[in-house]
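Engineer: I'd like to ask some things about the structure below.
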Amino acid sequence: MLHSSFHEYALTVLHQFTRVQWLNTSLEEAWNFFSSPKNLPLITPPDLGFQVLSELPDRMYEGLFIRYSVRPLLGIPMEWVTEITKVEEERYFVDEQRLGPYSIWHHEHHFEPTDKGVRMLDRVSYVVPMGLLGDWVAPWLVKPRLEHIFAYRESQVEQRFGKVGQ
């Protein structure tokens, strides 16, 4: 017999969103900035109403749970809880939603030193709630929202580290 959670996800789509940004800094400096959960509010758009609700350490670690209040859609507040599930120092880390707006949220952050600076790759795999209806609205509602969030983050990171080639 199939587990009931299989049926819940069987009719949904696993969406992916990928973003690459070049950082005009050293790997150590990039890692120090992004591995500090205290910097999350600095790279999150103000219109999300993002507030951290839990105590934050200076450095993330595997098993760290972070609670937020966020207004992802129509200004409606909701709680979002993520867990840092994997950390490989100065290479990558993964956060996964444990409570929040998505049925599944898996966000990989990869860092690679190059002769141009640091190549940062974000890969988000997600499943939206509400089955087929959620999948239908995802390209018009969710993807543009993710584009907005990552574009804001890119602009904030460029202000902090400068553009590659400058």
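The values are calculated or read from the model by the stated rules, or taken from the named source; none is laboratory data. Bear in mind that the values here come from a model prediction, so they are computed numbers and not experimental data. Cβ placement follows ideal geometry from the backbone for every residue including glycine, while neighbour counts extend to all protein chains displayed.
Engineer: Give the stretch 1-37 a look and list any residue that's at pLDDT 90 or above, surrounded by 13 or more Cβ atoms within 10 Å (Cβ to Cβ) and touching an Asp or Glu at 6+ places or on another chain (Cβ under 9 Å), or say none.
Structural biologist: Phe17, Arg19, Gln21, Leu23, Asn24, Leu27, Ala30, Trp31, Ser35, Ser36, Pro37
Engineer: Can you tell me which residues in the stretch 108-166 are exposed (fewer than 13 other Cβ atoms within 10 Å of the Cβ), in a helix (DSSP H, G or I) and modelled with pLDDT of 90 or more?
Structural biologist: Passing the criteria: Glu147, Ala151, Ser155, Gln159.
Engineer: Can you tell me which of Lys86, Lys116 is closer than 25 Å to Leu23 by Cβ and in contact with a Gly (Cβ under 8 Å, 6 or more places away or on another chain)?
Structural biologist: Among Lys86, Lys116, only Lys116 is closer than 25 Å to Leu23 by Cβ and in contact with a Gly (Cβ under 8 Å, 6 or more places away or on another chain).
Engineer: Pick from the stretch 22-62 the residues that are among the aromatic types (Phe, Trp, Tyr) and in a loop (DSSP other than H, G, I, E, B): which of them is farthest from Val128 (Cα to Cα)?
Structural biologist: Kept after step one, since they are among the aromatic types (Phe, Trp, Tyr), are these residues of the stretch 22-62: 22, 31, 33-34, 50, 61.
In the following step, the residues that additionally are in a loop (DSSP other than H, G, I, E, B) were identified as 50, 61.
Working: Phe50: 20, Tyr61: 27 Å.
Among residues in the stretch 22-62 that are among the aromatic types (Phe, Trp, Tyr) and in a loop (DSSP other than H, G, I, E, B), the one farthest from Val128 (Cα to Cα) is Tyr61.
Engineer: Regarding Leu56, is this residue under 14 Å from the mean Cα position of the chain (by Cα), farther than 17 Å from Trp105 by Cα and surrounded by 13 or more Cβ atoms within 10 Å (Cβ to Cβ)?
Structural biologist: The answer is no for Leu56.
Engineer: When residues of the stretch 63-100 are filtered for being in a loop (DSSP other than H, G, I, E, B) and in contact with a helix residue (DSSP H, G or I) (Cβ under 9 Å, 6 or more places away or on another chain), how many remain?
Structural biologist: Narrowing the stretch 63-100 to residues in a loop (DSSP other than H, G, I, E, B): 63-64, 74-75, 89-91, 100.
Now restrict to residues that are in contact with a helix residue (DSSP H, G or I) (Cβ under 9 Å, 6 or more places away or on another chain): 64, 75, 89-91.
Of the residues in the stretch 63-100, 5 are in a loop (DSSP other than H, G, I, E, B) and in contact with a helix residue (DSSP H, G or I) (Cβ under 9 Å, 6 or more places away or on another chain).
Engineer: While we're here: What number of residues within the stretch 85-111 satisfy the criterion of being within 24 Å of Trp31 (Cβ to Cβ) and touching a residue at least 40 places away in the same chain (Cβ under 8 Å)?
Structural biologist: 6
Engineer: Within the stretch 60-78, is even one residue surrounded by 15 or more Cβ atoms within 10 Å (Cβ to Cβ), out of contact with any His (no Cβ under 6 Å at 6 or more places or on another chain), in contact (Cβ under 8 Å) with a residue 24 or more places away in the chain and within 28 Å of Lys163 (Cβ to Cβ)?
Structural biologist: yes
Engineer: I've got another one for you. If I ask for residues that are touching a residue at least 40 places away in the same chain (Cβ under 8 Å) and β-branched (Val, Ile, Thr), which ones from the stretch 25-59 would you list?
Structural biologist: Within the stretch 25-59, Thr25, Ile43, Thr44 qualify.
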